[in-house]
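Contents: one structure, followed by commentary.
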């Protein structure tokens, strides 16, 4: 049995970092949807946002998400923070496999990303206020989409991976014993 799951959550919640380690542990490919999109568009998401606008980006994101999720085999998929904004994306994710919401407070995220200039929705104004606004808009959508919610505040990446593996094992989505520490 190969693991097949998706990670959702706010920008900076750890989806890419945890996803990469989770895929390594499970022995399956890791797909970062944002990186896949940047390869396709040939520029950064931030540049695309500025040139084409968010609506065009979300259209492209939906297309690529549907394509990635239609594939077979094991995979850990890290979505962009806004992938859950569209109802069809939430449906695609829930059909794809177990969805894990990596939940972090806006204050925790701010500590992690305050110096990151590559996140388009956090540029200009007060980034902490923007994170709070994004959280207010998206937390319910992440919860609606997710099968599991993992709090990312204190645990290490290694511990988070173990927590996710245990959830997947208990639900029969991963072979028993795969959550054992290496």
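None of the figures in this text is laboratory data; all of them are computed from the coordinates on show. The structure presented is a predicted model; accordingly, all values stated were derived computationally and were not measured. As a convention, Cβ positions derive from the backbone with ideal geometry for all residues, glycine included, and neighbour counts pool all protein chains shown.
How large is the translational diffusion coefficient of the chain in µm² per second when you combine the Kirkwood radius over alpha carbon pairs with Stokes-Einstein at 10 °C and 1.306 mPa s?
So the translational diffusion coefficient is about 96 µm²/s.
Relative to the first principal axis of the alpha-carbon coordinates of the chain, what is the inclination of helix 157-170, with its axis defined by its Cα atoms, in degrees from 0 to 90 and to the nearest 10?
Around 60 degrees separate the two axes.
Using alpha-carbon pairs under 8 Å, 6+ residues apart, how would you state the relative contact order of the chain in percent?
Computed value for the chain: 33 percent relative contact order.
Using just the helices of the chain, give the 222 nm mean residue ellipticity in deg cm²/dmol: DSSP H runs with n ≥ 4 each add -39,500 (n - 2.57), and the total is spread over all residues, rounded to 500.
Calculated at 222 nm, the ellipticity per residue is -16500 deg cm²/dmol.
By how many degrees, between 0 and 90 and to the nearest 10, does the Cα long axis of helix 87-96 differ from the longest principal axis of the chain?
It is inclined by approximately 20 degrees.
Take the Cβ-Cβ distance between residue 63 and residue 94 as r, set R0 to 22 Å, and report the resulting FRET efficiency rounded to the nearest 0.05.
0.75
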